[in-house]
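> I'd like to ask some things about the structure below.
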Amino acid sequence: MPNSPDPAPPSPQPDPPPPPRDRLGDHELAAETAYQLVHDESMLDGNARLNLATFVTTWMDGQADRLYAEAFAKNAIDKDEYPQTAAIEQSCWRILADLWHAPDPEGAIGTSTTGSSEACMLGGLALKRRWQHRRRSQGKKADKPNLVMSSAVQVRWEKFCNYWDVEPRRVPISLDHKALDGAGLDRHVDENTIGVVAIMGVTYTGMYEPVAQIAAELDRLQERTGLDVPIHVDGASGAMVAPFCQPDLVWDFRLPRVASINTSGHKYGLVYPGVGWAVWRDRSLLPADLVFRVHYLGGDMPTFALNFSRPGAQILLQYYLFRRLGRAGYARVLGAALDVSRRLAAAIGQMGPFELWNDGSDIPVFAWSLRHDPARQWSLYDLSDRLRMAGWQVPAYPMPADLEDLTVQRIVVRNGLTSDLADRFIDALAAAVQHLDRLTGPIPRSPGRPVGFRH
Ligand SMILES: Cc1ncc(COP(=O)(O)O)c(C=O)c1O
């Protein structure tokens, strides 16, 4: 029998058209293909260890990763299905109420949030609602609320004022008053002031605002005018540093004027992104008409967050760290970050061209500017670009209103920036400066290049 002819070689399968990026494709992809596609594309993101711009945690230990994988399906709002996660959430904010010296932690009230942004909104809303109730009960108008804060607040507070129709009253920072310190407060506070925001760890520079000094100024104002103005402490970063590293600093509920405090679990709380906390000194400070009761998931559930569904895993991760690290562990981890930050600040201060704004000893964050030198052909923006070429993200940006002509650069030291890695950074910085100093003309600037960094 004649051999049957070889079968014709399969005609090559044409590659399926690449799935579109900005609209849904018409066909399915194999899971492995889709995985590889997303994996490869996200490789173009930066290297988290070399990111000295962000405050947010990018590393947790293996046990935390295991817990995360076990819990990623839990929905924090579904307290009926996940009552234990709800109980753990309560333990977490009680731990914080105790850590921040609430006079009676059992009588405090708190909640988890997606981060400080949401927690600040809740703190601000409670201030506004309490002020409205008081004004209306006195038969007074309650339509022109204002909130007093430093000009260097995080963009969050501008959003709060914009979204909830509150007039922002910014007390300008200056070279003499590098943070809100009580000076000039009386020119900004009046009967329509719902509260004063004090920041523990100013985003621009890492400095603490002296909350006790601000409270004392408000005490004097009350004696003179009768106005009783509460403080909300935005402790996005510092409320998880000060209790461990500066335990004698009085900034929290030890000051009777401090009504509420927020922090980001995902900053120096050391948890992956997605968790924040808001705590009120006692229940009377959170107006009952801000709390909703929800029945449709079964059970009777009080809720006063802005979001409804959100991941519950980060709450468990926060609890894991509270249990695992305790006071000693947080003091060790954050103390090490402060050591690195102080060393880095000292090294940068000694390099010559830079002037330190602060020394990195409040939270492990500091900023510097360039000394004036008419012969210099480069700016901190050029330095930031040059460092990025070596993999380091170190933002440069203008200071806020009234100081906007001053450009600074900032480093945020997080868990994982070891002193070894910090030495490598100083080498990279010195090499970048050396390169820029050799320039014989200014670097051309592309039009429309953003000069700044969103805080
Ligand atoms: C002082 C301050 N408040 C609020 C926020 C917002 O925090 P989150 O990113 O947790 O929403 C930040 C973030 O950097 C901050 O520094």
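What follows is calculated from the coordinates using simple rules that are stated; it is not laboratory data. None of the values given here were measured: they were computed from a predicted structure. We place every Cβ from the backbone using ideal geometry, glycine too, and count neighbours over all the protein chains shown.
> With a 10 Å radius around each residue's Cβ, average the other Cβ atoms per peptide and rank 116-125, 37-46, 52-61, highest first.
So the peptides 116-125, 37-46, 52-61, ranked by packing, come out 116-125, 52-61, 37-46.
> If you line up the Cα atoms of the stretch 379-451 on their principal axes, what length do they span on each, largest first, in Å?
Per principal axis, max minus min of the Cα coordinates gives 36, 33, 18 Å.
> For the residues Arg386, Arg283, what sequence is obtained by ranking on other C-beta atoms within 10 Å, fewest first?
In increasing order of surrounding Cβ atoms, one gets Arg283, Arg386.
> If you take the alpha carbon radius of gyration of the stretch 57-133 and divide it by 2.2 N^0.38 Å, what ratio comes out, to two decimals?
Compared with the compact-globule rule of thumb, the stretch 57-133 sits at 1.34.
> Something else: About the Cα centre of the chain, what is the dipole size in debye to 20, counting +1 per Lys and Arg Cβ and -1 per Asp and Glu Cβ, all else neutral?
Computed charge dipole of the chain: roughly 1000 debye.
> While we're on this one: Where nothing but the Cβ of Lys and Arg (+1) and of Asp and Glu (-1) is charged, how large is the charge dipole of the stretch 335-437 around its Cα centre, in debye to the nearest 20?
Magnitude of the dipole: close to 260 debye.
> Ranking request for peptides 68-77, 199-208: highest mean number of other beta-carbon atoms within 10 Å first, then the rest in descending order.
199-208, 68-77
> Another question about this same structure. Return a whole-number percent for the relative contact order of the stretch 66-323, with Cα pairs under 8 Å and 6 or more residues apart as the contact set.
RCO, the stretch 66-323: 31 percent.
> Determine the relative contact order of the chain: mean sequence separation of Cα pairs under 8 Å and six or more apart, normalised by residue count, in whole percent.
Relative contact order for the chain comes out at 20 percent.
> Please arrange Trp378, Trp277 by counting, for each residue, the other beta carbons lying within 10 Å of its beta carbon, fewest first.
With the sparsest Cβ surroundings first, the list reads Trp378, Trp277.
> Dividing the Cα convex hull volume of the chain by residue count, how many Å³ per residue is that?
In the chain, the Cα convex hull volume per residue is 239 Å³.
> Projecting each Cα onto the charge dipole of the stretch 301-455 (Lys/Arg +1, Asp/Glu -1 at the beta carbon, about the Cα centre), which of Pro311, Val394, Gly352 comes out farthest on the positive side?
My answer, from the dipole projection, is Pro311.
> If we count every other residue with Cβ under 12 angstrom of Gly312's Cβ, Lys/Arg +1 and Asp/Glu -1, where does the sum land?
My count for the surroundings of Gly312 gives -1.
> While we're here: Order these by the 10 Å Cβ neighbour count, fewest first: Thr303, Thr193.
Ranking Thr303, Thr193 by Cβ neighbours within 10 Å, fewest first, gives Thr303, Thr193.
> Turning to a different aspect of this structure: Which percent, nearest 5, of DSSP beta bridges in the chain are antiparallel?
60 percent
> Could you pull out every one of the aspartates and glutamates with an alpha carbon less than 18 Å from that of Lys79, ignoring same-chain neighbours closer than 8 positions?
Candidates past the 8-residue exclusion: Glu70, Glu89, Asp300.
> Can you pull the Rg over Rh of the stretch 22-108, Cα-only, Kirkwood?
Ratio of gyration radius to Kirkwood radius: 1.13.
> Give the residue from Pro243, Val229, Pro103 lying farthest towards the positive end of the charge dipole for the chain; charges sit on Cβ (+1 for Lys and Arg, -1 for Asp and Glu) and the dipole is referred to the Cα centre.
Val229
> When only DSSP loop residues count, what GluC sites (Glu not before Pro) in the stretch 155-218 have their Cβ near at most 16 other Cβ atoms within 10 Å?
When the GluC sites (Glu not before Pro) of the stretch 155-218 are filtered for loop state and at most 16 Cβ neighbours within 10 Å, Glu191 remain.
> May I ask you to list, by number, the DSSP H helices of the chain whose Cα span along the axis is at least 18 Å and whose average Kyte-Doolittle hydropathy reaches 0.0 or more?
Counting only whole DSSP H runs, the qualifying helices are 83-99, 313-349, 419-437.
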